[in-house]
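**Q** Take this structure, written in structure tokens, and hold onto it; I'll ask about it next.
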Amino acid sequence: MSRDISLLYPELRDICREFISRCAARGLKVGISQTYRTRSEQDSLYAQGRTAPGNIVTKAKYPLSPHNWGLAFDIYRNDGVGAYYNGDGWFERCGAVGRGLGLTWGGDFKSFKDRPHFELKRLLPDCSVAWVRRAYGSPEVFIRTWRDSVTQKEFDAMMEDYLSRRGQAAASAWAAPELAEAKKRGITDGASPQSFATRQEVAAMIIRAAK
Ligand SMILES: [Zn+2]
């Protein structure tokens, strides 16, 4: 479970930091328990209360949680009173700070109150993960548009997960004739057709093709 703020969508990263400091100014000591959530993490969370022991903690199956897109973070209470103690309305006070920053607070959810949860919805025209899913298809594609904020290790793990789901064989088959032709002409060595090319590799391939 990642608590790393830098794994969030860049705009949310800035808002999250501002949220923590505004809460601190009001005497609310906030800790971050979760930001980006991988598919396997979402799967095991979804299993909880269904096929695994415990209470149901999420309605969302991967990739329907905004956490899977770097668009949500969860907090806990870090002042020694108890991580989720709310007898004094501590989470409501944090919720108000979040709302003031344009965040959607899980405590405002109608059916499934999730007080530690905050998400960025104003990014999405119809205020839902469905939109970002239609626009980008998968979290991996969306996250690639701002991958500078994702560590290489996290990104590699994400891509590995993605490619194993898609199936290596099916994924490489679509451009097989082009790849064979490019290999014949010495543009690429044809190795690891599934991996991403760096800018310098792309540049080298274009120059070779132009020759
Ligand atoms: Zn959450």
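**Q** Express the accessible area of the range 5-135 per residue in Å², computed with a 1.4 Å probe while the remaining protein chains stay in the model.
**A** I get 48 Å² per residue for the range 5-135.
**Q** Non-local amide H neighbours of Ile32 (under 5 Å, H modeled in plane, Pro and chain starts lacking H): which ones?
**A** Here Tyr76 satisfy the definition.
**Q** Tell me which trypsin sites (Lys or Arg not before Pro) from the range 27-79 have a DSSP coil assignment and no more than 11 other beta carbons within 10 Å of their own. Walk me through the intermediate numbers first.
**A** Numbers: sites: Lys29, Arg37, Arg39, Arg50, Lys59, Lys61, Arg77; in loops: Lys29, Arg37, Arg50, Lys59, Lys61.
Those that pass, being in a loop and sparsely packed, are Arg50.
**Q** Sticking with this one: Using each residue's phi in the range 63-73, evaluate 6.51 cos²θ - 1.76 cosθ + 1.60 at θ = phi - 60° and report the 3J(HN,Hα) Karplus result to the nearest Hz, with x for Gly and Pro.
**A** x, 8, 8, x, 4, 5, 10, x, 10, 8, 9
**Q** How much accessible surface does Asp14 have with a 1.4 Å probe, in Å² rounded to 10?
**A** Per-residue accessible area (Asp14): approximately 100 Å².
The values are calculated or read from the model by the stated rules, or taken from the named source; none is laboratory data. Computed from a predicted model, the values in this text were never measured in an experiment. Note: ideal-geometry Cβ built from the backbone for every residue, glycine included; neighbour counts use all protein chains shown. For the accessible areas, the whole protein counts, side chains as well, though only heavy atoms, and no ligand, DNA or RNA atoms are used. Shrake-Rupley method; radii C 1.70, N 1.55, O 1.52, S 1.80 Å.
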